[in-house]
Amino acid sequence: MALLCASQLFAQNNQPMTIVIDPGHGGYDPGAVATLNGKQYRECDIALSIALKAGSMIEKNMPQVKVIYTRNSDKHLSTNKTRDLQARVDIANKADAGLFLSIHCNAAKATSASGAVTLIMGESSAKRIQQNADVIEDAYRDDLVDMSDAATAAAVRAYIKTVQFTLLQNSSTFANLLQKYHKNAVGHGNRRSLVYGQPLWVLCYTQMPGVLTEIGFMSNKHDLQIMATEDGQQKIAKAIYDGFCEYYKIYFGGEPQPIEEPEQVEVKTDVKAEEPKSQPAESEAPQQEVAKEEEATDVGYTIQLCASKTKIATNSSEFKSYRGRVREFVTDGTFCYKYCTGIFASKEEADNSLKEVRKLFKNAYVVGFDGNKLVSHSVVAGKLKTK
Ligand SMILES: [Zn+2]
């Protein structure tokens, strides 16, 4: 299969980043086990094989990306489950990775359950916890942070609100991209939600965007047939690679265009109503020129620090040294509150400031704005050209 998107990436920008790939389980812990045509398959082996395949595609086609595995053989990191999970977290944090990807297989009592799902950090609803207790029988539930302990739960909730809030949009984008490509591999089966939050240990304590992707169900014949074969594994690895490529392009190599959001969206609060767009001909009177210059500050580039599900006061300490110097944009989507800093007349100026901003907000990136709306770089470039 041709790997085309890599060449498109290099033309843009060569920002280095590290991805940590974590094949679930291993060693004493096989994860879910299932039999197909008289042969036994283990989740730990499937996860490892797919992780190595996806990782080598990245290494081969994206030399600016460093791949680190939490394990590259059949081994555990500790015989204590919590310490094993924390050891995986430590590898990612120590490497100062830009992205964490854990690969697992699902299992359920109901053999009809099928399809890929991708989990991001979040708190499960009570309904979801019950569903998990009913359907999931592998060691999967051991991977969750124990939220029944009040002190742990409070700490985790505070953590979700602070550290993870800058990372969740990236995690969510990556999760949705993986699911987009999983559709061509194992498929979505009968999954109702394709991406949802779970307080998973490896996602809670890693200090970077991350997801845990469950590529399919060991307990489902259709899924296992794909996951167990060389061809199927290649397809799944390619899906992961394609999802990562697109993610990289959004955040490191090109124009940020998160897939789950439309390019132009209305702002619902505060900022003044949009002025009617007048497009005077070049030869018009100087009076028009003045008017246009005033408008000019309303088109340009800005740096998005973070996105949030809930509104944050612009003078909140969450914005660190940018508190009070933050502008809010409201868009569609789950993470509808976007917080940006700076106004730049050119992409180059914005890129220069981005280096500084990233010291505090690692996942910040340059976005275009037109009045109250966040727009793509090309829209801004077009508008500035006609000035
Ligand atoms: Zn697992």
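The values are calculated or read from the model by the stated rules, or taken from the named source; none is laboratory data. All of these numbers come straight from a predicted model, not from anything done at the bench. We place every Cβ from the backbone using ideal geometry, glycine too, and count neighbours over all the protein chains shown. Keep in mind that these areas ignore ligands, DNA and RNA; they rest on the heavy atoms of the full protein, side chains included. Shrake-Rupley method; radii C 1.70, N 1.55, O 1.52, S 1.80 Å.
General remarks:
- Filter result for the condition that a residue is surrounded by 21 or more Cβ atoms within 10 Å (Cβ to Cβ), in the same structural domain as A155 (by TED's automatic domain parsing) and among the β-branched types (V, I, T), over I58, I91: I58
- Hits in region 16-31 - residues which are in a strand (DSSP E or B), open to solvent by less than 10 Å² (accessible area, probe 1.4 Å) and within 11 Å of the ligand (Cβ to nearest atom): D22, P23, G26
- Selection of region 37-79 for residues being away from the ligand (no atom under 16 Å from the Cβ), of a type outside the set (V, I, T), touching a helix residue (DSSP H, G or I) at 6+ places or on another chain (Cβ under 6 Å) and at pLDDT 95 or above yields K53, A54, M57.
- Test: residue in region 212-231 that is at pLDDT below 85 and either open to solvent by less than 10 Å² (accessible area, probe 1.4 Å) or assigned to a strand (DSSP E or B) (or both): no
- Any pair with Cβ under 9 angstrom, 6 or more apart, that starts in region 31-47 at a residue that is closer than 15 Å to T213 by Cβ and without any contact (Cβ under 8 Å) to a residue 24 or more places away in the chain and ends at one that is away from the ligand (no atom under 16 Å from the Cβ) and among the hydrophobic types (A, V, I, L, M, F, W, C): none
- Verdict on D84 being within 13 Å of the ligand (Cβ to nearest atom) and over 20 Å from I226 (Cβ atoms): yes
- Filtered residue count, region 332-348, keeping only those that are open to solvent by less than 60 Å² (accessible area, probe 1.4 Å), more than 13 Å from C306 (Cβ to Cβ) and assigned to a loop (DSSP other than H, G, I, E, B): 2
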